[in-house]
Amino acid sequence: MKTHELALTVLLTVASGLALAHHGRLQDHLLRGTILSYGIYGTGSGAFLQRAAHAPGGPAGIELVEQTNILAAHPGTRFGFCVSVTGALQDGDLDLEKVILHPPVFGGDDKVSTGYEQEIELVAKDGEATACLGHTLENEAEAVPGRWTIRLMAADQVIAEKAFELR
């Protein structure tokens, strides 16, 4: 290989690495999600409480009541999905984010919410992690009909996503 070709190859490799560093870690771009189940989950499924975003070790103990993406907009409804995440470069913690997008919800403090983000941590073993993500409609004001979307994100990459229609 000629010296200028080698220099160009090195320069392009460094530039590619800088681009990945700017848009997230290399691992974030390698992670992929496969949805294992989705729908309405039972009241005993504590992992779907709003603040407990994931169930380490996977869907064990998570009771799927009905696989559907059409839900009744009633307080107490728990919905979401369980996902297998592959592509982790090493065993250990994966710092991800759960994102919930929903129609406008009016709070008691005159604030309007159209969603929220929550950092979550999964534990990868042999390049894979499993989790169950969801949301519980806590009260009548939150039980707003329309499109609700749950996403699992790594930096700016969507790893898994499921949309639900609340009626």
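The values are calculated or read from the model by the stated rules, or taken from the named source; none is laboratory data. The structure displayed is predicted, hence computed values, not measured ones. Here Cβ is always computed from backbone atoms with ideal geometry, including for glycine, and neighbour counts include all displayed protein chains. The protein model used for the area step is the full one, side chains on, heavy atoms only, and it has no ligands, DNA or RNA in it. Shrake-Rupley method; radii C 1.70, N 1.55, O 1.52, S 1.80 Å.
Sort 125, 162, 98 by heavy-atom solvent-accessible area, probe 1.4 angstrom, most to least. Intermediate results must be reported in sequence, preceding the final value.
Working: 125 135, 162 40, 98 0 Å².
Sorted descending by solvent-accessible area, the residues read 125, 162, 98.
Given the alpha-carbon gyration tensor of region 61-153, what are the semi-axes of its equivalent ellipsoid in whole angstrom, ordered largest first, with each equal to the square root of 5 times an eigenvalue?
Values: eigenvalues 164, 52, 19 Å².
Those come to 29, 16, 10 Å.
Rounded to the nearest percent, how much of the accessible area of region 70-167 (1.4 Å probe, protein heavy atoms only) is carbon and sulfur?
Answer for region 70-167 is 46 percent, counting heavy atoms of protein chains only.
With the crude spin-label approximation of a point 7 Å out along Cα→Cβ, what separation in nm comes out for residue 63 versus residue 86?
Result: 3.2 nm between the two label points.
For the full complex of protein chains and a 1.4 angstrom probe, list 147, 78 by accessible area with the highest value first.
Sorted by accessible area, descending: 147, 78.
What is the magnitude of the charge dipole of region 76-138 about its Cα centre, with +1 placed on the Cβ of each Lys and Arg, -1 on the Cβ of each Asp and Glu, and no other charges, expressed in debye to the nearest 20?
Computed charge dipole of region 76-138: roughly 320 debye.
Using +1 at the C-beta of Lys and Arg and -1 at the C-beta of Asp and Glu, which of 108, 146, 94 has the Cα lying farthest in the positive direction of the dipole of region 93-166?
So the residue we want is 146.
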